[in-house]
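Peer 1: Below is the structure I would like to discuss, written out as structure tokens.
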Amino acid sequence: EQLLKVANLDKTVYQHSVNVATIAIGLSASLGANEQICQVVGVGALLHDIGRSPEIPNNMSIDQMTPEMKEKYLQHPRFGAQMLMDKKYISKDVLDIILFHEERIDGLGFPGGIKKMDQIFQVVALANFYDKYVTFFGKTSKEAYELIRAMKPPPYDSDMIDSLKDVLVANNLY
């Protein structure tokens, strides 16, 4: 029901969610995750933006947002996890994927600015970060990847970023 809510509110966010899930599952599998972990990653990735406000344009960067918009945007992972917290069919890992999908290991993510993330959360965060460039900001797949690869310090594990390229190449996206 929640994914349908996203689909009805904004087709671009819905497509982004499907893209993130597809990339995150492929990345998880390439890193050796088992089928159960890949399923959790897929569900979490599909629901990762459930807390987004439809009032904020998808292609607006944080520095262009009003203070009110920025606050809503920076809290959308927390809002999304809270929306699903009482659903018995949503696991803690899925809730944590939603909560951590904007985090980065360089500490520049949100809402917590954490610097350490388990692989299951990092793959969704990386897939999300990559696909935002493609879906919302019009970058090519290669441009999006190269932007991430060039960041210093890297926002995600360097080996994971390399694996993202392998997944993109294997799927004719790079």
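Peer 1: What lysines could a cross-link reach from LYS87, if we take a straight Cα to Cα line under 18 Å and drop same-chain neighbours fewer than 8 places away?
Peer 2: Candidates past the 8-residue exclusion: LYS5.
Peer 1: Turning to a different aspect of this structure: With springs only between Cα atoms under 10 Å apart, run a GNM on the chain and tell me which of PRO111, PRO57, PRO77 wobbles the most.
Peer 2: PRO57
Peer 1: With all protein chains present, how much of the accessible area of the chain (probe radius 1.4 Å) comes from carbon and sulfur, to the nearest whole percent? Walk me through the numbers on the way to the answer.
Peer 2: Details: 4820 of 8880 Å².
Of the solvent-accessible surface of the chain, carbon and sulfur hold 54 percent.
Peer 1: By how many nm would the segment from ASP157 to GLN15 lengthen if fully extended, with 0.36 nm per residue of separation less the alpha-carbon distance? Before the final figure, lay out the partial values.
Peer 2: Working: separation 142, 0.36 × 142 = 51.12 nm, distance 2.56 nm.
Net length gain for the segment: 48.6 nm.
Peer 1: Quick check: the distance between the Cα centres of region 100-164 and region 8-84, to the nearest angstrom?
Peer 2: 13
Peer 1: For the chain, what is the accessible area per residue in Å² when the probe is 1.4 Å? Walk me through the numbers on the way to the answer.
Peer 2: On the way: 8880 Å² over 174 residues.
On a per-residue basis, 51 Å².
Peer 1: Also: For region 92-174, state which trypsin sites (Lys or Arg not before Pro) are in a DSSP loop and have at most 10 other beta carbons lying within 10 Å of their beta carbon. Walk me through the numbers before you get to the answer.
Peer 2: Details: sites: LYS92, ARG104, LYS115, LYS116, LYS132, LYS139, LYS142, ARG149, LYS165; in loops: ARG104, LYS115, LYS116, LYS139.
When the trypsin sites (Lys or Arg not before Pro) of region 92-174 are filtered for loop state and at most 10 Cβ neighbours within 10 Å, LYS116 remain.
Peer 1: Under a Cβ-Cβ cut-off of 13 Å, what is the net charge of the residues other than TYR73 that fall near it, where Lys and Arg count +1 and Asp and Glu count -1? Before the final figure, lay out each step's value.
Peer 2: On the way: positive: ARG52, LYS70, LYS72, ARG78, LYS132; negative: ASP49, GLU55, ASP63, GLU68, GLU71, GLU102.
That sum, taken over residues with Cβ under 13 Å, equals -1.
Peer 1: What residue among SER53, SER163, SER61 has the largest mean-square fluctuation in a Gaussian network model of the chain, using Cα springs under 10 Å?
Peer 2: Looking only at SER53, SER163, SER61, the largest GNM fluctuation is found for SER61.
Peer 1: Which aspartates and glutamates have a Cα less than 14 Å from the Cα of LYS72, not counting those fewer than 8 places away in the same chain?
Peer 2: Answer for LYS72, where 14 Å is the Cα cut-off: ASP49, GLU55, ASP63, GLU102, listed by chain and number.
Peer 1: Dipole of the chain, Cα-centred, from +1 at each Lys and Arg C-beta and -1 at each Asp and Glu C-beta, to the nearest 20 debye?
Peer 2: Numbers: 18 positive and 22 negative charges, 29 e Å.
With only Lys, Arg, Asp and Glu charged at Cβ, the dipole is about 140 debye.
Peer 1: Which lysines, on any chain, are close to LYS165 with Cα under 19 Å apart, when same-chain ones fewer than 8 places away are left out?
Peer 2: LYS132, LYS139, LYS142, LYS152
Peer 1: While we're looking at this one, here's another question. Return the loop-located GluC sites (Glu not before Pro) in region 43-104 (DSSP other than H, G, I, E, B) with at most 13 other Cβ atoms within 10 Å of their own Cβ; answer none if there are none. Walk me through the numbers on the way to the answer.
Peer 2: Numbers: sites: GLU55, GLU68, GLU71, GLU102, GLU103; in loops: GLU55, GLU102, GLU103.
Of the GluC sites (Glu not before Pro), the ones in loops of region 43-104 whose Cβ has at most 13 other Cβ atoms within 10 Å are GLU55.
Peer 1: In debye to the nearest 20, how big a dipole does region 120-174 give about its Cα centre with +1 on each Lys and Arg Cβ and -1 on each Asp and Glu Cβ?
Peer 2: On the way: 6 positive and 7 negative charges, 40 e Å.
Magnitude of the dipole: close to 200 debye.
The values are calculated or read from the model by the stated rules, or taken from the named source; none is laboratory data. Quick caveat, the model's predicted, so the values are computed rather than measured. Heads up, the Cβs are rebuilt from the backbone with ideal geometry, glycines too, and the neighbour counts pull from every protein chain shown. With ligands, DNA and RNA removed, areas are computed over all heavy atoms of the protein, side chains included. Shrake-Rupley method; radii C 1.70, N 1.55, O 1.52, S 1.80 Å.
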